[in-house]
There are 2 protein chains.
Amino acid sequence: MSSPSLDELITSLKCLPGVGQKSAQRMALHLLEREQAGAKRISTAILNAIDTVKHCQRCRNFSDDTVCEICRDEGRDQATLCVVETPADVLAVESSAAYRGRYFVLLGRLSPLDGYGPGQLGLDELEQQFGEGDIREVILATSATVEGDITAQYIADCAARHGIKSSRLARGIPLGGELEFVDSGTLSKALSGRQEID
Amino acid sequence: MSSPSLDELITSLKCLPGVGQKSAQRMALHLLEREQAGAKRISTAILNAIDTVKHCQRCRNFSDDTVCEICRDEGRDQATLCVVETPADVLAVESSAAYRGRYFVLLGRLSPLDGYGPGQLGLDELEQQFGEGDIREVILATSATVEGDITAQYIADCAARHGIKSSRLARGIPLGGELEFVDSGTLSKALSGRQEID
């Protein structure tokens, strides 16, 4: 490119996930040619977010305040806690509109080889919340992988020591899923977890 | 989302071309969780590019200086001028490594209904360059659309008035193209433009 500033903009945009040289080029030219106001808005929003956003002291989700809006919301069911791996998972559960309890965000999953032990996942704080006596059920919404399963089992054991019931998200055929295209592991889970029709 | 700053970051990222709600969410969370240094770099690069990048006075391409590197490069063939629609097209031609002349960037194509007349495309400046007498051939690399063809014809007429030869990029089967999947218009151009084998 004939402009070092534009080159640097293209290179920096490659920090975005899923953005390679071609997309970064397209984005940079679009911002300069047609969207300078939007470009300034992105620049300000990034600096502002880095400065402002921290982790909620109670649920570890992203929040502008010490305790996030969801944790402060007294209209929510304080007796149910949904444990998820990432802030994106909170968004996913919220968008289902099927859950009105609180959350706890692990920001990872148990994986000692990668340096993720109970300390990194905030499991001490979680156990402390178990000890406070408000929670009656823990929904373990960690991912359906080996590490996710191990993390769920670890937390379930801990909850059991405090007399708290644990549950895991149902496994089965996704909505609109064609049986033909469902993998055998999922199908096996769907069979073993089959539900009686009333 | 439980954080207004994060919400604003997600909304602002939707200014990028081809980025919707889901991608913007993924990008924002990625920047905050794993790439704060990269995020700051993007923010700085945007502000710097908006401040620094202007259009080259000679070829209208993006440039940090009044006259861009390509126009200043005396090793380039000053007798050939390649007319393209956008700065991205300059990148494309440069990456072919098959051209060593100068460029002229129209920043659009003739389309009076959209408000793009000869004035917006800098055709007065182009004609002035024709008048200077250095240029012997104009390669019209506008896009292969109706507006691109009309723009090329308009510039070719203007070049002819100054006794300058014009050419248009060859139309035909793309490299690696299977005849079976080439559209009939392209095939028709490829037939009428067939080349003798020496």
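The values are calculated or read from the model by the stated rules, or taken from the named source; none is laboratory data. Keep in mind that this is a model prediction, so the values were computed, not measured. With ideal geometry, Cβ positions are generated from the backbone for all residues, glycine too; neighbour counts draw on all protein chains shown.
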Looking only at the range A:178-198, count how many residues are under 19 Å from A:Ser143 (Cα atoms) and part of a loop (DSSP other than H, G, I, E, B). 3
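Conditions (1) among the aliphatic types (A, V, I, L, M); (2) at pLDDT below 90; (3) within 14 Å of the chain's Cα centre (by Cα), marked per residue:
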site	(1), (2), (3)
B:Arg26	no, no, no
B:Leu29	yes, no, no
B:Asn61	no, no, yes
B:Val84	yes, no, yes
B:Pro87	no, no, yes
B:Leu91	yes, yes, yes
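A quick yes/no check of all residues on (1) assigned by TED's automatic domain parsing to the domain that holds A:Arg100; (2) of a type in the set (Lys, Arg); (3) more than 18 Å from the chain's Cα centre (by Cα):
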residue	(1), (2), (3)
A:Leu123	yes, no, no
A:Glu127	yes, no, yes
A:Glu137	yes, no, yes
A:Val146	yes, no, no
A:Ile150	yes, no, no
A:Asp157	yes, no, yes
A:Gly177	no, no, yes
A:Ser184	no, no, yes
How many residues, within the range A:23-66, are in a loop (DSSP other than H, G, I, E, B) and facing another protein chain (nearest Cβ under 8 Å)? 5
Among the residues of the range B:69-89, is there at least one that is more than 9 Å from every other protein chain (Cβ to nearest Cβ), under 20 Å from A:Glu33 (Cβ atoms) and outside any strand (DSSP E or B)? yes
Residue that is farthest from the chain's Cα centre (by Cα) [pool: residues in the range A:1-22 that are more than 7 Å from every other protein chain (Cβ to nearest Cβ) and outside any loop (DSSP other than H, G, I, E, B)]: A:Asp7
Any residue that is free of Cβ contacts under 8 Å to residues at least 40 places away in the same chain, closer than 30 Å to B:Phe130 by Cβ and of a type outside the set (Lys, Arg) - is there at least one of those in the range B:17-40? no
Could you tell me how many of the residues in the range A:41-58 are within 30 Å of B:Arg60 (Cα to Cα) and either touching a residue at least 40 places away in the same chain (Cβ under 8 Å) or surrounded by 17 or more Cβ atoms within 10 Å (Cβ to Cβ) (or both)? 3
Could we say that A:Val84 is in contact (Cβ under 8 Å) with a residue 40 or more places away in the chain and within 22 Å of B:Arg26 (Cα to Cα) here? yes
Across the range A:139-160, what is the number of residues that are out of contact with any Lys or Arg (no Cβ under 7 Å at 6 or more places or on another chain) and part of a strand (DSSP E or B)? 1
Counting only residues in the range B:140-198 that are among the acidic types (Asp, Glu) and under 17 Å from B:Leu107 (Cα atoms), the one surrounded by the fewest Cβ atoms within 10 Å (Cβ to Cβ) is identified as B:Asp149
